[in-house]
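In what follows, a structure is listed as structure tokens, so that the remarks can point back to it.
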Amino acid sequence: MATEKSVLDKEVGNNAFASNEKRRNSTQHVHATLDGIRDPSEPDLSVGAILRGTAATPLTLFEKKAALINAELDNFGLGRYQICIWFLCGFGYFLDLAWAQGVGLIASAIYQEMNVPDGNTGQIWALANAGLAIGAFSWGILVDIIGRKWSFNLTCLITSVFGLLLAAPKFNYDAICGIYFLASIGLGGNIPIDATIALEYLPQRRRNLVALLSMWQPIGVVVASAIAYGTAAKYRCDIELPSCRAVAAGEPCCTVSSNMGWRYLVIVLGCMTLAVFFLRFVVFHFYESPKFLLSRGREAEAIEVLHKIAKFNKAPPPTLTVEMFREVEENSPELPLQAGPQSTAQTTKNVLSNFVNSLKHLKGLFDNKLKIFIFVLLAIAYMGDYWSFNLAGAFLPIILLRNEVSTGSGTVSETYQHYIIIYAPGIIGAVLALISVQLPLVGRKWSLVFSAICQGLSMAMYTQVKSTAGYVGLNALEYLMQTYFNAVLYASAPELFDTAYRGSASGMLSCLGRIAGIVAPFAGQHYLAASSSGILWLGAGGIWLSAFVMVFLPVEMRNRQMF
């Protein structure tokens, strides 16, 4: 009996020693991770800090826990799972501008066939931007409520269904505008959702790859232009023919059968969107974001997802445990345990009850002066960007087409070839963004300022040329800088917000930008009807406003943790 008691005491002692050793290792791991993060004891919101981009506030409890997940993702590196996520998110960027470019290029054929006057050309863009705004806001909120997984898939499904239906109406411009509005609701969620997802899976030192996602936008534009060249340009009625709705029966006019090219284009784009949905939903197994699960208090599930990612990557399993999260709580007694995020049930109840209650879910966006200042600056930047983007996308192709075809200096097919030349350099803009955001003394902040100034200059210079070469060259420069600016903006804006409301913040910013895009075509269409260069000055002014406010962006995220 004495021997058995001795053995039992020895086992208890060994277990206690092992438990203490495990706790010691856990504590060391937590401290080692958190010691490498800047955590000011007091907020630093001085003018100097704002201009340098070093403004900061003390970390919340959630941010300290998220740092432990960041450490595990850093250990994984850029594995197979992260690469798949990057490509699938890239397809979302691809579709965003493929549809915008595709509809932009077929708009003149629709106007001609359906006898749409210049004063009403802005309707399709206004409704599209209304759908994009509703989609951005709704999906931005939903991605923080129902999670990243379902939002990631449903946006593509909605876009593909209504995109295919876009080819159905005949001589009904209002129906086309309405269907494109519904397709845009799905499309509007792509950028805020895809940027959010990519950021939450990539290791910290590879976050600049989110800027490279914008490379897919000019690829989408070029592909849409190439499809338009083979469909809308080839199967289009003579540009000089009037609409059959504007002439008596039997007179030469633009018939549906002679103008089928634009319908072929939207069918191809709809099938491509459906294929992306299939890849996301059927082929690839998407796991919910670990940091989203953490923000909902589902810590064990977050760790389980990390183990699944490690297995997919064929990497060593993570060392993170629930006990490490408890260690952070014990070492941060001054912070509330929830530190902002609510449970899924609480948040869903708030949002569904009424709009005012839904704002409670977003209170983390506005709980200190630094966050409010950042959100206001980004809101202005997004609105200026989308204002300029929509004016350029909606009217520069029409200006080029009218200059070439109406003056007899070119054909419709040649104009579509020029579109490919114009938009292909956008890929260079994304590469410039990838490089410049990591450069010392440049980073995200000054990349935004520089690219916005250059974009505005190219639009302003557009007013001074009258030749096809001048139009094409300056349009290419404008699009290169536009892609550069958007690549940095779409990647850096979500970095500035915590996981609990990152999707909501990105969606709200995108929504505000889309609202500006709703107004822009109405402002521009009157100048188009009068053949005035005012459209170009409106576009340049919008993006220059974005450049100005970005000078005061108070936080530079280069080499800083994102939570």
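Using packing as a proxy for protection, rank 110-119, 463-472 so that the peptide with the highest average count of other Cβ atoms within 10 Å comes first.
Values: 110-119: 18.1, 463-472: 13.7.
Result, highest mean first: 110-119, 463-472.
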Local net charge near Lys445, Cβ-Cβ under 13 Å (Lys/Arg +1, Asp/Glu -1)
+2
Could you work out how much longer the chain between Lys363 and Gln464 gets when fully extended? Use 0.36 nm per residue separation minus the Cα distance between them, nm to one decimal.
31.6 nm
On a full-extension model of 0.36 nm per residue, what is the gain between Thr319 and Asn172, subtracting their alpha-carbon distance, rounded to one decimal in nm?
46.8 nm
Compute the signed sum of charges (Lys and Arg +1, Asp and Glu -1) over the other residues within less than 14 Å, Cβ to Cβ, of Gln482.
-3
For the Arg80, Asn331 Cβ pair and Förster radius 30 Å, calculated FRET efficiency rounded to 0.05 is 0.30
What full-extension length gain, to one decimal in nm, is calculated for Ile420 and Val376 as 0.36 nm per residue of separation minus the Cα-Cα distance?
12.2 nm
Using a 1.4 Å probe over the heavy atoms of the protein chains, calculate the carbon and sulfur portion of the accessible area of region 38-147 as a whole percent.
64
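The values are calculated or read from the model by the stated rules, or taken from the named source; none is laboratory data. All of these numbers come straight from a predicted model, not from anything done at the bench. No Cβ is skipped: glycine too gets one built from the backbone with ideal geometry, and neighbour counts run over all protein chains shown. Heavy atoms of the whole protein, side chains included, go into the accessibility calculation; ligands, DNA and RNA do not. Shrake-Rupley method; radii C 1.70, N 1.55, O 1.52, S 1.80 Å.
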